[in-house]
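What follows is a set of notes on a single structure, which appears directly below.
The values are calculated or read from the model by the stated rules, or taken from the named source; none is laboratory data. Computed from a predicted structure; not experimentally measured. Here Cβ is always computed from backbone atoms with ideal geometry, including for glycine, and neighbour counts include all displayed protein chains. Just the protein is used for accessible areas: all its heavy atoms, side chains included, with ligands, DNA and RNA removed. Shrake-Rupley method; radii C 1.70, N 1.55, O 1.52, S 1.80 Å.
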Amino acid sequence: MIGNRDIFLDRTNVSRFSLQLNHCGIQECAPGYTYSFHANPYHLIHFVLEGNGFLELNHRLANVQAGQAFYIPAGVSAKYYASLTDPWKYGWVGFYTNTATPFLSLLFQNENVIYYKMPADEVEKNLLSIISVTDGRLSQYSQYDSSVFPGEQFTTILKLSDSLRANSRMLDFFSDLLSFRIPEDISRPSEDSPALKAKAFMDAHYNEPIKMQDVASSLNIHPNYLCAVFKKTYGQTPSNYLRSIRMAQAAMLLILTDHSVSMIAESLGYANPFQFSAVFKSCYGLSPSAYRKKG
């Protein structure tokens with residue numbers, strides 16, 4: 001005799017372990033591309049394959065880059081937008097499940113942004129496999145190419161057999177993600193890491209007139225030490241990270257609102273609008289006013 005038994009599932013609460021595909025896709029975003037997610041009934045995970053961008057969730061702004069995934073729970077609104085200089089390419093999976101499912105807590109560990117250990121090309125192949133159930137053309141591609149599939153090309157799952165097949169491929173992908181998941185001490189800095197704490201401080205206070213001395217003081221460490229550990233962890237100085245958050249938010253406000261430049265500058269912690277304009281121009285090559293007209 002040969003076989004196995006499922007001793008993990010709780011038969012009295014099996015709905016917690018049910019996951020059903022809603023949709024899946026891949027997109028190469030244009031610089032500054034913005035999308036708003038409005039409290040839909042399904043959960044949504046994005047996997048950043050290339051480039052970087054920003055996730056605005058629960059009134060906080062987080063930089064998300066290649067090798068990371070971000071999670072938007074069902075019933076929660078969010079906005080995310082691609083970098084203006086290095087826009088991201090991402091894939092996504094939307095699915096229905098009980099929020100208490102162990103899958104979400106095991107993969108995301110109560111965070112909304114994580115690093116995933118599975119190679120990006122493997123993630124992309126899995127996403128293409130799910131999509132190929134209803135678009136046979138994709139079976140011969142291992143990577144998405146926007147020049148081959150221009151514009152928006154969505155196919156609808158209409159047959160029960162296709163629904164079961166697409167869902168099984170999603171579940172297989174999710175099982176691989178769990179097996180690849182990085183232990184907490186490797187996937188991201190530990191909770192007492194000065195770099196992680198500094199990043200969290202800047203994410204929460206980027207709209208205030210903070211300086212690196214303020215960030216370092218909040219952690220009771222020297223600014224030079226902060227710079228060293230932050231750069232080692234995130235590949236950039238804390239000053240550059242703070243500037244990138246502020247400038248990305250500034251670009252979005254210039255395009256999406258009619259707020260004055262001085263008001264935007266003040267809302268991002270710049271007491272001097274001329275200093276703000278100079279920093280903005282150094283990042284985007286245009287003054288804030290010219291950038292708004294171009295957009």
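So here's what we get for this one:
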read-out	value
Identity of the residue in the stretch 50-94, part of a strand (DSSP E or B) and acidic (Asp, Glu), that ends up nearest to residue 38 (Cα to Cα)	56
Helices (runs of 4 or more DSSP H) completely within the stretch 95-184 that count 3 or more residues being more than 30 Å from residue 203 (Cβ to Cβ)	120-131, 160-180
Considering residues of the stretch 204-218 that are assigned to a helix (DSSP H, G or I) and modelled with pLDDT under 90 only, the residue nearest to the chain's Cα centre (by Cα)	204
Looking only at the stretch 86-95, and only at residues there that are free of Cβ contacts under 8 Å to residues at least 60 places away in the same chain and surrounded by fewer than 22 Cβ atoms within 10 Å (Cβ to Cβ), the one that is farthest from the chain's Cα centre (by Cα)	86
Residue that is farthest from residue 49 (Cα to Cα) [pool: residues in the stretch 131-157 that are open to solvent by less than 60 Å² (accessible area, probe 1.4 Å) and touching a Gly at 6+ places or on another chain (Cβ under 9 Å)]	131
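Residue-wise test of (1) open to solvent by less than 50 Å² (accessible area, probe 1.4 Å); (2) more than 30 Å from residue 118 (Cβ to Cβ); (3) free of Cβ contacts under 8 Å to residues at least 24 places away in the same chain; (4) in contact with a strand residue (DSSP E or B) (Cβ under 9 Å, 6 or more places away or on another chain).
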residue: 177; (1), (2), (3), (4): yes, no, no, yes
residue: 181; (1), (2), (3), (4): no, no, no, yes
residue: 198; (1), (2), (3), (4): yes, no, no, no
residue: 212; (1), (2), (3), (4): yes, yes, no, no
residue: 219; (1), (2), (3), (4): yes, yes, no, no
residue: 223; (1), (2), (3), (4): yes, yes, yes, no
residue: 231; (1), (2), (3), (4): no, no, yes, no
